[in-house]
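Quick notes on the structure that follows.
The values are calculated or read from the model by the stated rules, or taken from the named source; none is laboratory data. Because the structure is a prediction, the values reported are computed rather than measured. Methodologically, a virtual Cβ is constructed for each residue, glycine included, from the backbone with ideal geometry; neighbour enumeration extends over all protein chains shown. The accessibility values were calculated without ligands, DNA or RNA, using every heavy atom of the protein model including side chains. Shrake-Rupley method; radii C 1.70, N 1.55, O 1.52, S 1.80 Å.
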Amino acid sequence: MRRNPHAIFATITASTLLLGGFATATAQAAPAKAESLYAPSALVLTVARGEDPMTATVERAVTLACAPTAQGTHPDPASACKELAAVQGKFAEIAAGPSNRTCTRQWDPVVVTAHGVWQGKPVQFSTTYGNACEMAGSMNDNAVFAF
């Protein structure tokens, strides 16, 4: 009996594809990872030039994740997470402090924004200051937007 090498190759190729399909289907049917014990807290914080947060030019941006540990590109994530926890993620309380600086009245608007999730809840915050001095004075050296 004579064997056809093309038929053998076709059979092996078809078997490989069929078994590969089963392996892929099995991998996709695997259960999802266990849920974390911590509510997610992942934010993108920006400082931008302009009046409107939608059109302002971003000058600086960092990431900040607070659960289960403080991390991200923020220069001091532990302090920033601690400050946010103290105000229960209410950015307006951090950004609206009384100014401890004397600033000029120059109009050179600066916008700070926070977007993401804080303890499992969506966050979208922005506020505009007349200039960088007013922003720094209102923040009273808080760590959240100190980058």
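As a summary of the residue check, residue 68 satisfies the conditions (1) modelled with pLDDT of 95 or more; (2) within 17 Å of the chain's Cα centre (by Cα) except for the one numbered (1). Against the numbered list (1) assigned to a helix (DSSP H, G or I); (2) of a type in the set (Ser, Thr, Tyr); (3) over 19 Å from residue 145 (Cα atoms); (4) modelled with pLDDT of 90 or more, residue 55 comes up short only at (1). Determine whether residue 45 is modelled with pLDDT of 95 or more and either touching a Pro at 6+ places or on another chain (Cβ under 8 Å) or in a strand (DSSP E or B) (or both). Yes, satisfied. Looking across segment 68-86, the residues that are in contact (Cβ under 8 Å) with a residue 24 or more places away in the chain and open to solvent by less than 30 Å² (accessible area, probe 1.4 Å) come down to 74, 80, 81, 84. Selection of first residues in segment 125-147 that are under 16 Å from residue 49 (Cα atoms) and of second residues that are of a type in the set (S, T, N, Q) and open to solvent by less than 30 Å² (accessible area, probe 1.4 Å), restricted to Cβ pairs under 6 Å at least 6 apart or on distinct chains, gives the following pairs, ordered by first then second residue: 126/113.
Looking only at segment 87-100, which residues are open to solvent by 40 Å² or more (accessible area, probe 1.4 Å) and either closer than 25 Å to residue 57 by Cα or of a type in the set (S, T, N, Q) (or both)? Correct list: 88, 90, 92, 93, 96, 99, 100. Scanning segment 101-128 for residues that are open to solvent by less than 20 Å² (accessible area, probe 1.4 Å) and more than 27 Å from residue 39 (Cβ to Cβ) yields 109, 110, 111.
Of 55, 69, 73, all but one fail to be of a type in the set (S, T, N, Q) and within 15 Å of residue 116 (Cα to Cα); the exception is 73. So is residue 63 surrounded by 13 or more Cβ atoms within 10 Å (Cβ to Cβ), in contact (Cβ under 8 Å) with a residue 24 or more places away in the chain and of a type in the set (Val, Ile, Thr) or not? Against the criterion (surrounded by 13 or more Cβ atoms within 10 Å (Cβ to Cβ), in contact (Cβ under 8 Å) with a residue 24 or more places away in the chain and of a type in the set (Val, Ile, Thr)), residue 63 does not qualify.
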